[in-house]
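One structure below.
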């Protein structure tokens, strides 16, 4: 209900129109019971056909107008809900795209996916029809008030049952909240198992992991089935109690009304009309119990969305340098993985003039890829500064800053689209001649020529279906498409054949000749031989910068 109130509050004028339409629709709904009473009290008693014709024409007009107001309300609700659903979906996906990577990593992948999938649950709960039904709840008091005018005792009976069923609906929402939360967690686990079975298809077959995943899947099915059974049981109980309350209220109204008829305080027509009025009063409130599961699921989905909404986002805009030379300075930089007890590195001081070449070395897990991601702005240092031409990178516009960096990650991923799309995403201004030059320079010519669609060759599953060598070459072409003055390559020759490695060596040679600032993470012997300074991340916790003077590696000296 809070969500409905928030949505209506965001469109006050439309909300007012919906309330007015609801008021008129419910006022016109009084015509049917009043018609019954008038026919029984006036026509049956006196038999004047003109009276029946007038009453019939009047009630038909009222029914038609009621229909028109309810349809108008549905269209108005569609306007509010459609706009709200679109804005919420756009906002949630925008948060996923714009959240700071460090913060996003702290939220499990299945929780992120569940947050966006929950949008469907919210939309399913707050359909125009469901919203209209919820909007009718306050107007139940209108029918109770008319009952009270017929006789106060009948009004009190109806009011008591309306309050009881409303309390039952609210209680059921609370009782469904916890199992619905647990079911959402279980469904997230099930989704992660499906993704694992898809992405690790070769692994589970080669290493006979099918029994392991099947056992986990059976545990998920059992847990989800138990939770769904509990939710369905509570939902069914609420609906049964609501139906029983409606039946008991009908008995109470008829029995009490009958005694009033015998006592001469009520007519037979009023008795039948009172029963109809009581049913109309209880109908919208009873609908709340029927919507309990959908509303509970929606509430759980909204909580997940709030988890996503609580993530810090990258700042929009910032400073832009007139021209970036490629100079980079690190001052007292430190980084610790979330949950780790010791820093990955700290007190890292480094100055690279434009055109400098730095090799980053270290064992697996030493922090090489982490440092590369930190330089690109994907991670934030716990302490210290990354300076571009003397300006703190945190003050720079992140979009502009990344357009100054040609980045090749160790495990490249791509967007689903065409090969050309992925190059143009990196640099929207790139022309066809440059694209063709990069394709040839990165060794992709044969792949493109042999593909039926050429540069329009589609990429699926973020590029996971591509051969490792093709994926690496395409990542190299994408990095070069940016044409940044700062070049950060993370294990550029890993997974490449001799021809591919030669392409990388030639690319690095050309970039160095063009006075680009190169930071290369690699243990490739050929790249090592060409290094003039090496940042040793095996030195913990403070990395060591080694100047290479041309002497054998055993005689290399640490930089002062």
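The values are calculated or read from the model by the stated rules, or taken from the named source; none is laboratory data. What you are looking at is a predicted structure, and each value in this text was computed from that prediction instead of being measured. Because the Cβ atoms are built from the backbone with ideal geometry, glycine has one as well, and the counts that use them run over all protein chains shown.
Numbers at a glance
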read-out: Qualifying position, being farther than 30 Å from residue 162 by Cβ, buried (at least 19 other Cβ atoms within 10 Å of the Cβ) and under 18 Å from the mean Cα position of the chain (by Cα), among 118, 98; value: 118
read-out: Verdict on residue 177 being within 30 Å of residue 139 (Cα to Cα), under 21 Å from the mean Cα position of the chain (by Cα) and part of a helix (DSSP H, G or I); value: yes
read-out: Within the stretch 139-167, tally of residues that are over 19 Å from residue 29 (Cβ atoms) and buried (at least 21 other Cβ atoms within 10 Å of the Cβ); value: 1
read-out: Checking residue 482 against (1) closer than 23 Å to residue 376 by Cα; (2) in contact (Cβ under 8 Å) with a residue 40 or more places away in the chain; (3) buried (at least 21 other Cβ atoms within 10 Å of the Cβ), the condition it does not meet; value: (3)
read-out: Meets criteria (part of a strand (DSSP E or B) and on the phi > 0 side of the Ramachandran plot) for residue 443; value: no
read-out: Any chance residue 149 is more than 22 Å from residue 248 (Cβ to Cβ), modelled with pLDDT of 90 or more and assigned to a helix (DSSP H, G or I); value: yes
read-out: Selected residue (criterion: surrounded by the most Cβ atoms within 10 Å (Cβ to Cβ)) from residues of the stretch 414-472 that are closer than 23 Å to residue 508 by Cα and in contact (Cβ under 8 Å) with a residue 60 or more places away in the chain; value: 472
read-out: Residue 369, sole failed condition from (1) assigned to a helix (DSSP H, G or I); (2) in contact with a strand residue (DSSP E or B) (Cβ under 6 Å, 6 or more places away or on another chain); (3) more than 14 Å from residue 537 (Cβ to Cβ); value: (3)
read-out: Some residue of the stretch 397-414 being out of contact with any strand residue (DSSP E or B) (no Cβ under 9 Å at 6 or more places or on another chain), closer than 23 Å to residue 515 by Cα and part of a loop (DSSP other than H, G, I, E, B); value: yes
read-out: Single unsatisfied condition, residue 532 versus (1) under 19 Å from residue 326 (Cβ atoms); (2) modelled with pLDDT of 90 or more; value: (2)
read-out: Enumeration of residues in the stretch 338-364 that are surrounded by fewer than 16 Cβ atoms within 10 Å (Cβ to Cβ) and part of a loop (DSSP other than H, G, I, E, B); value: 338, 339, 340, 341, 342, 353, 354, 363, 364
read-out: Residues located in the stretch 198-212, provided they are assigned to a helix (DSSP H, G or I), surrounded by fewer than 16 Cβ atoms within 10 Å (Cβ to Cβ) and free of Cβ contacts under 8 Å to residues at least 24 places away in the same chain; value: 198, 201, 202, 203, 205, 206, 210, 211, 212
read-out: Residue in the stretch 32-50 that is assigned to a helix (DSSP H, G or I), touching a residue at least 12 places away in the same chain (Cβ under 8 Å), out of contact with any strand residue (DSSP E or B) (no Cβ under 7 Å at 6 or more places or on another chain) and closer than 19 Å to residue 8 by Cβ present; value: no
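This table checks each residue for (1) in a loop (DSSP other than H, G, I, E, B); (2) at pLDDT below 90; (3) under 28 Å from residue 354 (Cβ atoms).
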site: 429; (1), (2), (3): yes, yes, yes
site: 437; (1), (2), (3): no, no, yes
site: 452; (1), (2), (3): yes, yes, no
site: 471; (1), (2), (3): no, no, no
site: 480; (1), (2), (3): no, no, yes
